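Contents: one structure, followed by commentary.
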Amino acid sequence: MRAAGIRIIATLALAAAASAWAGGRPDCPVTPFGDASPVQFEAGLSGRCQAESARWKVDAPRAKPTHIGPSVMSAEFTSLSSVRMSSLLAAFRLDWSGLRGSEAAGSPKVERAAFAMGGLVRLHDQLALQTSVGLERTGVQRSRATFSSVWQPSKLGVLFAEWAGSEIGTEAHRVGGRWWIVPRRLSIDLGARRLPDVPGWVDQRVGVSFSMPLN
(Lines give C-alpha, C1' and ligand atoms only; values in the text may rest on other atoms or scores of the structure.)
Protein backbone atom coordinates (compact mmCIF):
# COMPACT_ATOMS: atom_id res chain seq x y z
CA MET A 1 0.00 0.00 0.00
CA ARG A 2 0.99 3.66 -0.40
CA ALA A 3 0.82 6.54 2.03
CA ALA A 4 1.86 10.06 0.96
CA GLY A 5 3.82 8.63 -1.95
CA ILE A 6 5.76 6.22 0.26
CA ARG A 7 5.51 2.47 -0.23
CA ILE A 8 4.99 0.64 3.05
CA ILE A 9 6.03 -3.00 3.19
CA ALA A 10 5.42 -5.39 6.06
CA THR A 11 7.15 -8.75 6.14
CA LEU A 12 6.66 -11.67 8.49
CA ALA A 13 9.55 -14.10 8.31
CA LEU A 14 9.16 -17.63 9.62
CA ALA A 15 11.65 -20.48 9.87
CA ALA A 16 14.30 -19.89 7.21
CA ALA A 17 13.30 -16.31 6.47
CA ALA A 18 15.90 -15.17 8.95
CA SER A 19 18.45 -17.54 7.45
CA ALA A 20 20.82 -14.65 6.77
CA TRP A 21 21.39 -14.48 10.51
CA ALA A 22 20.16 -17.85 11.81
CA GLY A 23 22.88 -20.24 10.69
CA GLY A 24 23.46 -18.94 7.17
CA ARG A 25 25.11 -15.72 6.00
CA PRO A 26 24.05 -13.37 3.22
CA ASP A 27 26.22 -13.21 0.12
CA CYS A 28 28.69 -10.33 0.00
CA PRO A 29 27.23 -7.58 -2.24
CA VAL A 30 29.44 -8.22 -5.27
CA THR A 31 27.19 -8.07 -8.31
CA PRO A 32 26.03 -4.65 -9.59
CA PHE A 33 23.03 -6.25 -11.35
CA GLY A 34 20.35 -5.72 -8.75
CA ASP A 35 20.09 -3.86 -5.48
CA ALA A 36 22.11 -4.99 -2.48
CA SER A 37 20.01 -5.15 0.68
CA PRO A 38 20.76 -3.39 3.99
CA VAL A 39 21.43 -6.85 5.46
CA GLN A 40 24.18 -7.43 2.88
CA PHE A 41 25.73 -4.02 3.52
CA GLU A 42 25.71 -4.62 7.27
CA ALA A 43 27.22 -8.10 6.89
CA GLY A 44 29.91 -6.81 4.53
CA LEU A 45 30.94 -4.07 6.95
CA SER A 46 31.13 -6.50 9.88
CA GLY A 47 32.93 -9.19 7.84
CA ARG A 48 30.08 -11.68 8.25
CA CYS A 49 28.99 -11.93 4.61
CA GLN A 50 29.41 -15.10 2.56
CA ALA A 51 32.36 -14.66 0.20
CA GLU A 52 33.03 -18.30 -0.76
CA SER A 53 30.24 -20.43 -2.21
CA ALA A 54 29.09 -22.47 -5.20
CA ARG A 55 25.43 -23.29 -5.86
CA TRP A 56 23.63 -25.39 -8.47
CA LYS A 57 19.92 -25.53 -9.15
CA VAL A 58 18.25 -27.73 -11.77
CA ASP A 59 14.52 -27.90 -12.43
CA ALA A 60 12.27 -29.51 -15.02
CA PRO A 61 8.90 -27.75 -14.89
CA ARG A 62 6.04 -27.87 -17.35
CA ALA A 63 6.05 -25.03 -19.86
CA LYS A 64 2.25 -24.96 -19.76
CA PRO A 65 -0.25 -26.39 -17.24
CA THR A 66 -1.75 -28.53 -20.01
CA HIS A 67 1.52 -30.36 -20.67
CA ILE A 68 1.88 -33.87 -19.30
CA GLY A 69 5.13 -34.08 -17.34
CA PRO A 70 8.22 -31.84 -17.66
CA SER A 71 8.51 -30.01 -20.96
CA VAL A 72 11.44 -27.65 -20.28
CA MET A 73 14.76 -27.84 -18.46
CA SER A 74 16.15 -24.94 -16.43
CA ALA A 75 19.45 -24.65 -14.58
CA GLU A 76 21.24 -22.02 -12.50
CA PHE A 77 24.83 -21.82 -11.28
CA THR A 78 26.50 -19.27 -9.01
CA SER A 79 30.14 -19.21 -7.94
CA LEU A 80 31.53 -16.73 -5.43
CA SER A 81 35.20 -16.47 -4.42
CA SER A 82 37.25 -13.86 -2.59
CA VAL A 83 40.63 -12.68 -1.35
CA ARG A 84 40.95 -11.01 2.05
CA MET A 85 43.86 -8.79 3.06
CA SER A 86 43.49 -7.02 6.41
CA SER A 87 40.76 -4.41 5.89
CA LEU A 88 40.40 -5.14 2.15
CA LEU A 89 38.04 -7.68 0.57
CA ALA A 90 38.14 -8.47 -3.15
CA ALA A 91 35.41 -10.79 -4.44
CA PHE A 92 34.50 -12.37 -7.78
CA ARG A 93 31.12 -13.75 -8.80
CA LEU A 94 30.00 -15.79 -11.80
CA ASP A 95 26.31 -16.34 -12.56
CA TRP A 96 24.85 -18.50 -15.30
CA SER A 97 21.27 -19.53 -15.92
CA GLY A 98 19.64 -21.26 -18.83
CA LEU A 99 16.30 -22.60 -19.95
CA ARG A 100 15.86 -25.02 -22.82
CA GLY A 101 12.64 -26.37 -24.23
CA SER A 102 10.64 -26.83 -27.38
CA GLU A 103 9.94 -23.71 -29.40
CA ALA A 104 6.68 -25.33 -30.43
CA ALA A 105 5.79 -25.50 -26.74
CA GLY A 106 6.56 -21.81 -26.35
CA SER A 107 9.84 -22.37 -24.48
CA PRO A 108 12.84 -21.53 -26.69
CA LYS A 109 16.41 -21.56 -25.42
CA VAL A 110 17.21 -18.68 -23.05
CA GLU A 111 20.54 -18.02 -21.37
CA ARG A 112 22.04 -15.43 -19.04
CA ALA A 113 25.68 -15.10 -18.01
CA ALA A 114 27.24 -12.46 -15.78
CA PHE A 115 30.65 -11.87 -14.26
CA ALA A 116 31.26 -9.32 -11.52
CA MET A 117 34.15 -8.07 -9.40
CA GLY A 118 33.71 -6.23 -6.13
CA GLY A 119 35.89 -4.64 -3.51
CA LEU A 120 35.32 -3.42 0.03
CA VAL A 121 37.70 -1.26 2.06
CA ARG A 122 37.03 -0.79 5.77
CA LEU A 123 38.15 2.70 6.71
CA HIS A 124 36.97 2.18 10.29
CA ASP A 125 35.01 -0.40 12.25
CA GLN A 126 31.91 1.64 11.44
CA LEU A 127 32.70 2.94 7.94
CA ALA A 128 33.48 1.25 4.61
CA LEU A 129 33.64 2.03 0.90
CA GLN A 130 32.44 -0.57 -1.56
CA THR A 131 32.53 -0.87 -5.34
CA SER A 132 31.45 -3.43 -7.91
CA VAL A 133 31.66 -3.72 -11.69
CA GLY A 134 30.17 -6.38 -13.90
CA LEU A 135 29.41 -7.58 -17.41
CA GLU A 136 26.13 -9.29 -18.28
CA ARG A 137 25.01 -11.03 -21.45
CA THR A 138 21.40 -12.00 -22.18
CA GLY A 139 21.22 -11.87 -25.94
CA VAL A 140 22.67 -8.37 -25.71
CA GLN A 141 25.66 -7.33 -23.64
CA ARG A 142 25.71 -4.62 -20.98
CA SER A 143 28.03 -3.42 -18.23
CA ARG A 144 27.17 -1.82 -14.91
CA ALA A 145 29.03 -0.45 -11.89
CA THR A 146 28.15 0.69 -8.38
CA PHE A 147 29.95 2.66 -5.70
CA SER A 148 28.66 2.70 -2.12
CA SER A 149 29.52 4.12 1.26
CA VAL A 150 28.32 2.20 4.32
CA TRP A 151 28.12 3.63 7.82
CA GLN A 152 27.10 1.85 11.01
CA PRO A 153 26.53 4.55 13.65
CA SER A 154 25.30 1.95 16.14
CA LYS A 155 25.17 -1.82 16.53
CA LEU A 156 21.44 -1.44 15.98
CA GLY A 157 21.59 0.24 12.59
CA VAL A 158 23.35 0.71 9.26
CA LEU A 159 23.05 3.46 6.61
CA PHE A 160 24.23 3.47 3.01
CA ALA A 161 24.44 5.72 -0.04
CA GLU A 162 25.00 4.24 -3.51
CA TRP A 163 25.68 5.42 -7.04
CA ALA A 164 24.93 3.13 -9.99
CA GLY A 165 25.87 3.68 -13.63
CA SER A 166 26.53 1.99 -16.94
CA GLU A 167 27.90 2.81 -20.38
CA ILE A 168 25.00 5.24 -20.85
CA GLY A 169 25.93 7.22 -17.73
CA THR A 170 24.40 7.57 -14.27
CA GLU A 171 21.40 5.30 -13.74
CA ALA A 172 20.46 6.06 -10.15
CA HIS A 173 21.44 7.32 -6.72
CA ARG A 174 20.12 5.24 -3.85
CA VAL A 175 20.05 5.78 -0.09
CA GLY A 176 18.68 3.60 2.66
CA GLY A 177 19.26 1.79 5.89
CA ARG A 178 18.07 -0.69 8.47
CA TRP A 179 17.41 -0.17 12.16
CA TRP A 180 16.88 -3.04 14.56
CA ILE A 181 14.15 -2.43 17.11
CA VAL A 182 14.67 -5.91 18.54
CA PRO A 183 18.11 -7.24 17.43
CA ARG A 184 17.79 -9.92 14.72
CA ARG A 185 14.03 -10.09 15.23
CA LEU A 186 12.25 -6.82 14.43
CA SER A 187 13.65 -4.16 12.10
CA ILE A 188 12.66 -1.14 10.03
CA ASP A 189 14.10 -0.66 6.52
CA LEU A 190 14.15 2.71 4.77
CA GLY A 191 15.05 3.47 1.17
CA ALA A 192 14.69 5.94 -1.69
CA ARG A 193 16.07 6.39 -5.19
CA ARG A 194 16.86 9.39 -7.40
CA LEU A 195 16.82 8.94 -11.19
CA PRO A 196 18.29 11.18 -13.89
CA ASP A 197 15.79 13.62 -15.39
CA VAL A 198 13.20 12.74 -12.73
CA PRO A 199 12.61 15.40 -10.08
CA GLY A 200 12.74 14.42 -6.44
CA TRP A 201 13.17 11.03 -4.82
CA VAL A 202 11.21 8.05 -6.15
CA ASP A 203 10.61 4.51 -4.99
CA GLN A 204 10.45 5.67 -1.38
CA ARG A 205 10.02 2.70 0.94
CA VAL A 206 9.42 1.94 4.58
CA GLY A 207 9.62 -1.74 5.46
CA VAL A 208 8.93 -3.56 8.70
CA SER A 209 10.40 -7.05 9.03
CA PHE A 210 9.72 -9.53 11.79
CA SER A 211 11.71 -12.78 11.96
CA MET A 212 10.39 -15.61 14.07
CA PRO A 213 12.44 -18.85 14.05
CA LEU A 214 10.40 -22.00 14.46
CA ASN A 215 13.09 -24.06 16.25
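Each listed q (0.17, 0.21, 0.23 Å⁻¹) maps to a log10 I(q)/I(0) for the stretch 104-215 from the Debye sum over equal C-alpha point scatterers, namely -1.00, -1.15, -1.21. In this view, the solvent-accessible surface of residue 110, computed with a 1.4 Å probe and all protein chains in place, comes to about 80 Å². Check each of the trypsin sites (Lys or Arg not before Pro) in the stretch 158-189 and keep only those in coil by DSSP with at most 14 other C-beta atoms within 10 angstrom; list them in order. Listed in order of number, the matching sites are 184. Note on surface exposure: 124, 173 rank 124, 173 by accessible area, highest first, 1.4 Å probe. Counting alpha carbon pairs within less than 8 Å and at least 6 residues apart, what relative contact order, in whole percent, applies to the stretch 71-166? Here the relative contact order equals 18 percent.
The values are calculated or read from the model by the stated rules, or taken from the named source; none is laboratory data. Predicted model only: the values in this text are computed from it and were never measured. All Cβ positions, glycine included, derive from the backbone under ideal geometry; neighbour counts span all protein chains shown. Just so you know, the surface numbers come from the protein's heavy atoms only, side chains and all, with ligands and any DNA or RNA stripped out. Shrake-Rupley method; radii C 1.70, N 1.55, O 1.52, S 1.80 Å.
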